[in-house]
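In what follows, a single structure is set out as structure tokens and then discussed.
The numbers here are math on the coordinates, done by the rules we state, and not lab data. Keep in mind that what you see is a predicted model, and the values were worked out from it rather than measured. Glycine also receives a Cβ, built like all others from the backbone with ideal geometry; neighbour counts cover every protein chain displayed.
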């Protein structure tokens, strides 16, 4: 066996040293640099200024830091709405960098985790408090320094969400607000030029009425002409919903509750009246659940059914 010369041994150890420097020491140095309070303050200031400028609202964060093994951490994120009220508050955001290219000016993030966020969505007059995010004409972006961002998806852990809309007020079922606590969600996104697809892997929450929703999963495809929700399944307190598809057509109707066209194809909805009594206290409680399947389509003022089956206990109609 041929012995290695001292020259080859030195070259081998030098190669190992280079690998260690590149793999461990350089990331460690970068991490230490980003942990410096001055650097974190500078990065946080630039992030806040960019977001405030592009969203057209006040955005603030407490701390922004990046480490090579832990990823990106942002604390105390506050986004105000167009009425200077809280739209979003996130005590802790966590994510990682999946791909980064300085040459192509692109960055891909892993799934973004929002820890115990507070989200307030409400309608004032004819506008939702988040409308400015989509209708802001003052967005400023220098194309020469524009970066392309992509995100794998989002997860929400123990969120608190409140929702107010004129539809909720008009139905007079839920009061003026829907309030969801213990809100947990895991979703992936596929964003394309012609459509956006959101895949909900798991979603659960508790509504203020006492309604618990668990194991919800579905996929949502947003097209210019239609919103499609496919393969919807979830469990409530004592009920089960298995819906094949919901299509809502974008006919730009001002009266959503009456004129908007839609279709709902159900495999089976097994509804226990004890769940309904959370919202309608005067209805009688039935011993057996009510099961429904079939196709509903049209609009609320012109609704049609096909292959409708309704089952009360042992009786089917």
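How big, in percent, is the set of alpha carbon pairs in segment 186-317 lying more than 24 Å apart?
In whole percent, the share of Cα-Cα pairs in segment 186-317 beyond 24 Å is 42.
Grab the Cα-Cα distance for residue 277 and residue 124, subtract it from 0.36 nm times how many residues apart they are, and report the gain in nm with one decimal.
52.1 nm
Relative to the present Cα-Cα distance, how much length would full extension add between residue 209 and residue 303 at 0.36 nm per residue of separation?
Here the segment from residue 209 to residue 303 would lengthen by 31.0 nm.
Just want the ordering: 198, 183, 280, from fewest to most Cβ atoms lying within 10 Å of their own Cβ.
280, 198, 183
Taking 7 Å along the Cα-to-C-beta vector as the label spot, tell me the residue 166-residue 310 distance in nanometres, rounded to one decimal.
Computed distance between label sites residue 166 and residue 310 equals 3.1 nm.
Using Cβ contacts closer than 10 Å as the measure, can you line up 300, 241 from fewest to most?
By the 10 Å Cβ count, ascending, the order reads 300, 241.
Zone of residue 54 (label point 7 Å along Cα→Cβ, backbone N under 20 Å): which residues in segment 99-133?
99-114, 130-133
Return 134, 262 ranked ascending by Cβ neighbour count within 10 Å, so the fewest neighbours appear first.
Arranged by neighbour count, lowest to highest, 134, 262 become 134, 262.
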